[in-house]
1. Taking the Cβ of Phe162 as the center, what net charge do the other residues with Cβ under 11 Å away carry, scoring Lys and Arg +1 and Asp and Glu -1?
2. Per DSSP H run of n ≥ 4, the term is -39500 (n - 2.57); total these for the chain, divide by its residue number, and report the mean residue ellipticity at 222 nm rounded to 500 deg cm²/dmol.
3. Can you tell me which lysines have their Cα less than 26 Å from the Cα of Lys266? Leave out same-chain residues fewer than eight positions away.
4. Nearest 20 debye, what's the magnitude of the dipole of segment 284-378 about its Cα centre given +1 on Lys and Arg Cβ and -1 on Asp and Glu Cβ?
5. By counting other Cβ atoms within 10 Å of each Cβ, how are Val66, Val339, Val287 ranked from fewest to most?
6. Write down, largest first, the equivalent ellipsoid semi-axes of the chain in whole Å, where each equals the square root of 5 times an eigenvalue of the alpha-carbon gyration tensor.
7. Calculate log10 I(q)/I(0) of segment 133-189 for q = 0.21, 0.22, 0.27 Å⁻¹, where I(q) comes from the Debye formula with a single equal point scatterer on each Cα and nothing for solvent.
8. Please work out how many pairs of lysine residues in segment 284-378 are eight or more positions apart (or on different chains) and have Cα atoms closer than 22 angstrom.
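What follows draws every value from the coordinates through simple rules; no lab data is involved. These numbers come from a predicted model, not from an experiment. Note: ideal-geometry Cβ built from the backbone for every residue, glycine included; neighbour counts use all protein chains shown.
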Amino acid sequence: MPSHLDIQFSKEELARYDRHIIIPGFGLEAQQKLKAAKVLVVGSGGLGSPLLLYLAAAGVGTLGIVDFDTVDDSNLQRQVLFGKQDVGLKKADAAQKRLESLNPHIKIQVHHTRLTSENALDIIKDYDVVADGTDNFPTRYLVNDASVLLGKTNVYASIFQFEGQVAVFNYTNSKGETGPNYRDLYPTPPPPGLVPSCAEGGVLGVLPGIIGSMQANEVIKVVTGVGEPLSGRLFIFDALNFETRTFKVKRRDDNPLNGSNPTITKLIDYEFFCGLKTEKPVQEITVEQFYDWQVKGEKFQLIDVREPHEYETSNIGGKLIPLGTVLENANLIRKDVKVVVHCKSGARSAKAIRELEEKFGYNNLYNLKGGILAYLSQVAPVS
């Protein structure tokens, strides 16, 4: 981490950070360390929103944002970094504008890209600490492995429905001892489809605010050296019952990154590692082809596998059969005509098709590529 000894503050900054500087045991030196630090936040969504807001407000000198997504109406229930005026904009750009208005004394570096095995090391190497605010297993393993290979601390958090988790991985203490990493906690990912995403299972809107703030707290502790980071421990918060648990996490001898016999020395294919590339491909239809079917009067059945609240917000006239109920309602899905299945972006509908093909032998199902988002943005015919 860059030296903080020569860091100077303007009168405006001293006034802004006064409540930090007057804390016994924190003081000017910790604030200097914050200004000298470079922190990369992967994802600016539910967790990234409070994380970025509080790190910016705290005075972290350089904040990096990795995000390739755009702001959607459904984000605003929990992603408090954005407003209605940001819908349709790149999340990273909207985040940068909001953070610069919050604190003009810091630097924001934007990375308009999906973090991949090809670019992760190049992006992460320039930062001191990584904060993982992603919502999928391939990226979590990617962030972890890149952090370990580069010797960076990875401040991790995750959320789902009413529960959140926080931990600090690959942290080296003052004695030179490096703590466990994500692979010590979760050596292998769960089977594909076993753990639904927030888009499928939902999340209480306030939960990412709580967990993301805790994540920001751990980043500040790691950067400043004040307090004891959550290394070697996993904190779990149950918002529904307001219960907390903390579990000890130890380094595993068989960890393929830094165990007794390391086998991973470079970044791997994380989609394959998490089992996402082994799934059987499904028939697809583009939104343009589907619209052509509509115009020409092609016979087909349209099935929408999203949740009822999504359907109420916007729909294109499909029969609503939520993903979790597809198999028990298979009798409602025809076999004598072409059937187009869609969700928000195509992932859930592909899963529904695989389940129906495997259990009931369907061969007439087509996944709407890009889902309703692609249809409404690229076609959206006036009825």
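1. Details: positive: none; negative: Glu163, Asp238, Glu243.
With Lys, Arg at +1 and Asp, Glu at -1, the neighbours total -3.
2. Details: 15 runs with 130 residues, N = 383.
So the calculated ellipticity at 222 nm is -9500 deg cm²/dmol.
3. Once the sequence-local lysines are set aside, what remains near Lys266 is Lys38, Lys125, Lys152, Lys250, Lys277.
4. On the way: 13 positive and 13 negative charges, 27 e Å.
Roughly 120 debye, rounded to the nearest 20.
5. On the way: Val66 27, Val339 19, Val287 22.
Sorted ascending by nearby Cβ count, the order is Val339, Val287, Val66.
6. Details: eigenvalues 351, 118, 62 Å².
Taking √(5λ) for each Cα gyration eigenvalue gives 42, 24, 18 Å.
7. -0.79, -0.86, -1.18
8. Qualifying lysine pairs in segment 284-378: 23.
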